[in-house]
Amino acid sequence: TAATFSRRHRLIHKADYQKVFKKADKTSDGFFTVLWRPNILGFPRLGLAISKKHLKRAVDRNLVKRLVRESFRNQTVSLPGVDIVVLAGRRVNQANNKQIADSLSRRWNSIQTSTIK
């Protein structure tokens, strides 16, 4: 498919995450906090920081990661060249898959509109 999640669309190195954490724009709701920062690559990259604090079970963390990656993959073409780190929020453990998808969709739209300015 056209919408893949290849290695080039991932934040892999610690330094990449640190750059985003150090100086990032932010959008959040109770489900997710999404940090982003423009990159010079011309395409978006995604990093995940889904901690045990809000999702105790590994199976729950893995599900959320899969949902985030899937949502990102579907938005890759419309997102600008930014490095993104997604953090789980306190309410993510109470959310169903649709609420998670809707929340992420709003986060991606927020990134698009704020980078257009």
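The values are calculated or read from the model by the stated rules, or taken from the named source; none is laboratory data. Small disclaimer: the values here were computed from a predicted structure and weren't measured. Here Cβ is always computed from backbone atoms with ideal geometry, including for glycine, and neighbour counts include all displayed protein chains. Ligands, DNA and RNA are stripped out before the accessible areas are found, and what is left, the full protein with its side chains, is counted by its heavy atoms. Shrake-Rupley method; radii C 1.70, N 1.55, O 1.52, S 1.80 Å.
So here's what we get for this one:
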{"quantity": "Among residues of segment 69-102, those that are open to solvent by 80 Å² or more (accessible area, probe 1.4 Å) and among the β-branched types (Val, Ile, Thr), counted", "calculated": "1"}
{"quantity": "Residue that is open to solvent by 50 Å² or more (accessible area, probe 1.4 Å), over 13 Å from Val85 (Cα atoms), outside any loop (DSSP other than H, G, I, E, B) and out of contact with any Cys (no Cβ under 8 Å at 6 or more places or on another chain), where the choices are Arg66, Arg61", "calculated": "Arg66"}
{"quantity": "Of residues in segment 3-46 being aliphatic (A, V, I, L, M) and more than 15 Å from Ser110 (Cα to Cα), the one surrounded by the most Cβ atoms within 10 Å (Cβ to Cβ)", "calculated": "Leu46"}
{"quantity": "Those residues of segment 1-29 which are within 22 Å of Asn97 (Cβ to Cβ), at pLDDT 90 or above and assigned to a loop (DSSP other than H, G, I, E, B), in sequence order", "calculated": "Asp29"}
{"quantity": "Positions within segment 10-62 being of a type in the set (A, V, I, L, M) and touching a residue at least 60 places away in the same chain (Cβ under 8 Å), in sequence order", "calculated": "Leu11, Val20, Ala24, Val34"}
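Here is a yes/no grid of residues against (1) in contact with an Asp or Glu (Cβ under 9 Å, 6 or more places away or on another chain); (2) within 19 Å of Arg8 (Cβ to Cβ):
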site: Ser28; (1), (2): no, no
site: Leu46; (1), (2): yes, yes
site: Ser51; (1), (2): no, no
site: Val77; (1), (2): no, yes
site: Pro80; (1), (2): no, yes
site: Arg91; (1), (2): yes, no
